[in-house]
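Visitor: Below is the structure I would like to discuss, written out as structure tokens.
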Amino acid sequence: MYAEEVATMAGRIRDEDVALVRERTSIAEVISDTVTLRSAGGGNLKGLCPFHDEKSPSFNVSPARNVFYCFGCGVGGDAIKFLMDAEHLSFIDSVERLAARAGIQLRYVESDHTTPRARPQQGQRQRLVAAHAAAVEFYRAQLTTAGARPAREFLAQRGFDRAAAERYGCGFAPDGWDLLTKHLRQQGFTHDELVTAGLSRPARSGSLIDRFRRRLLWPIRDLTGDVIGFGARKLFDDDDGPKYLNTPETPIYKKSHVLYGIDQAKREIAKQGKVVVVEGYTDVMACHLAGVPTAVATCGTAFGADHIGVLRRLLMDTDAVAGEIIFTFDGDAAGQKAALRAFDDDQRFVGRTFIAVSPDNMDPCELRLAKGDLAVRDLVARREPLVDFALRHVISRHDLDTVDGRVEAMRRAAPLVAKIKDREKRPEYVRKLAGDLGMEIEPVQRAVLAAGNAPPSGRGAEATSRPARAEPVVDSPQAMVEREALKLALQEPVLAGPMFDAVEAPDYRHPVHVVVREAIAAAGGAAAAAGGAVWIESVRDACADLAARALVGELAVEPLRIDGEPDPRYVSITMARVQWGSVTSRIKDLKSRIQRINPVNNKDEYFAAFGELLSLEQHARALREQAAGGL
Ligand SMILES: [Zn+2]
């Protein structure tokens, strides 16, 4: 798949060098830059796939084989392929990036000849990143000049000393039309490269001018630390541009994905399992310096689904998505609304979302200046669950001194409580809501129950949650053993096939497991399968819904719950235990039916049911023996 692309390049990297790059690259390290990986057993690692949206990890990395593969969407390959797909790099760009990382000097050949080229031809991304690196140095040097005094003062007034400015690479775009452009042209960057990078733009005269002038600059880095753009703050009153100006969309700068500070924060985010979302560059700096190293900010855009995706892959540190996202707000209504909306379509995150509203409408930067580092840490520590925040928000819009106001507030708030996914928390929130409204618990409880039965309605704050999707339940022994049976069929079809196929879908209790069981049948049954990726794919294709498809990817790689190799005895025990649940529940149903049948008036029905019960009980005895280990 690369050969075609390599052949079309004017000059290409020598094959031996590409091979060397592959050999010297740790795929786990490369992928860990953007995806948090954890052990998947057997020396393998897994995480949330960066190529498709998923809630449980089906993205697998095998360090031993130096490859990755996603069972959810089927993307896979080596480290070069990963960078190509994940960062939209060309083949050459990817190899160059990995070579730089591994300290390998690449040699290039003309496509027609075998003589090494004198000057390496770099890929576009590499060139744009190099242009930004040169621009950072240029702007940094400018920050010490006389003209940059307002920029230095701006930083100093916000509590940032020289060391802080250096840590974040702050710079100054000087007063001049094309100082940076000229500087970069001298360094060999072309007209097109500077325009594509967003660093320069064509003036009406046709000549190139600098995009940023007379502004304080923050370099914006991607997860790997490469500078991909700038944020620019207005300093002068006669500057009639907007307060903040950002790099426009470029091949390397996508504002919907960009998070300022992520390069410095990512390790702490993964380690602490939490991220603090603030609103500006100075807030990120203030938080980091105050001892909240997990702070990031969006750049010139609202926090959205793509940002969630980036963070979710970093937060993936345990079996469930367990990370906390904490939004800080200075009490401004627009920001609050954005937070409430941000998780509209990601119900699972609602319970993980917290709001920290700073006192006196101060942002973290102002708070640090006014009250010190401790106050910033305290702001984050005093975060409030999104649900509590939303309830307060809804209630505050009503006059609780009147009966009508209290009833209306209750009607508005009840749907929020009804949609709390964690059912065990609901009674607690009912009590809390009743207390906040100054009402008895019973009417509030009734309102919540009614709201839970009614179809969801309303938008905005009231629509922060939607009905939860059906998810595989793994907390019961029955669910556990069903998973194990499906894993055997997917991973060991040759061994488990005949016994697995003998137990049909109705014996599975959990809806998503039933769908997977049906898909295995539709794919021809486990007994006829040879196993491997082709088998998994055909089962995935046969799945009737997305949840089942995702589950197949997961089960295909989840280690079996047995030490050592599975054997026929293990399969037999597992399949007996799968049926045990349905047989015992059928016995229970039957017994209750027999009790309700009048044996005098419905003699035939009574004896038929009784006969069925006897044979089921016999089946149950056999299963119990089988489950105990007899074949
Ligand atoms: Zn995937």
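Visitor: Is the chain rounded, prolate or oblate when judged by the Cα gyration tensor, a ≥ b ≥ c being the square roots of its eigenvalues, rounded requiring a/c under 1.5 and prolate requiring a/b larger than b/c?
Guide: Here the chain falls in the oblate category.
Visitor: OK, next. If amide hydrogens are placed 1.01 Å from N in the peptide plane, which non-local residues have theirs closer than 5 Å to the one on residue 13?
Guide: 109
Visitor: Okay, next question. With a 1.4 Å probe and every protein chain left in place, work out the accessible area per residue of the chain in Å², rounded to a whole number.
Guide: Heavy-atom SASA per residue in the chain reads 47 Å².
Visitor: Could you tell me which residue out of 44, 60, 80 lies farthest along the dipole of the stretch 34-84 toward its positive end? Charges go on the beta carbon: Lys and Arg +1, Asp and Glu -1, centred on the Cα centre.
Guide: 44
Visitor: Continuing with this model, one more query. For the chain, what is the relative contact order in percent, using Cα pairs closer than 8 Å and at least 6 residues apart in sequence?
Guide: Relative contact order comes out at 9 percent.
Visitor: Kindly sort 191, 513 by accessible area of their heavy atoms, largest first, with the probe set to 1.4 Å.
Guide: Sorted descending by solvent-accessible area, the residues read 191, 513.
Visitor: Using only Cα atoms, locate the centre of the stretch 426-441 and the centre of the stretch 66-80, then give the distance between them in Å, rounded to an integer.
Guide: After rounding, the separation between the Cα centres reads 50 Å.
Visitor: Let me ask you something else. As an exercise, identify the trypsin sites (Lys or Arg not before Pro) in the stretch 534-608 lying in DSSP coil whose Cβ has no more than 14 other Cβ atoms within 10 Å.
Guide: Answer by residue number: 561.
Visitor: Could you compute how much accessible surface residue 255 exposes when probed at 1.4 Å, giving the result in Å² to the nearest 10?
Guide: That residue has around 90 Å² of solvent-accessible surface.
Visitor: Separate question: Let me check something: with ligands and nucleic acids excluded, how do 592, 396 order by accessible area (1.4 Å probe), largest to smallest?
Guide: 396, 592
Visitor: Can you run phi through the Karplus equation (6.51, -1.76, 1.60; θ = phi - 60°) for the stretch 130-144 and list ³J(HN,Hα) in whole Hz, with x for Gly and Pro?
Guide: 5, 4, 5, 4, 5, 5, 4, 4, 4, 5, 4, 4, 5, 5, 8
Visitor: Sticking with this one: Over the chain, what is the percentage of antiparallel beta bridges among all DSSP beta bridges, to the nearest 5?
Guide: Around 75 percent of the beta bridges assigned by DSSP in the chain are antiparallel ones.
Visitor: Please give the residues of the stretch 551-569, grouped as numeric ranges, whose backbone N is less than 12 Å from a label point set 7 Å along the Cα-to-Cβ vector of residue 502.
Guide: Backbone N within reach: 569.
The values are calculated or read from the model by the stated rules, or taken from the named source; none is laboratory data. Here the structure is a predicted model, which is why all the values come from computation and not from measurement. All Cβ positions, even for glycine, are placed from backbone atoms using ideal geometry, and neighbour counts span all protein chains on display. Just the protein is used for accessible areas: all its heavy atoms, side chains included, with ligands, DNA and RNA removed. Shrake-Rupley method; radii C 1.70, N 1.55, O 1.52, S 1.80 Å.
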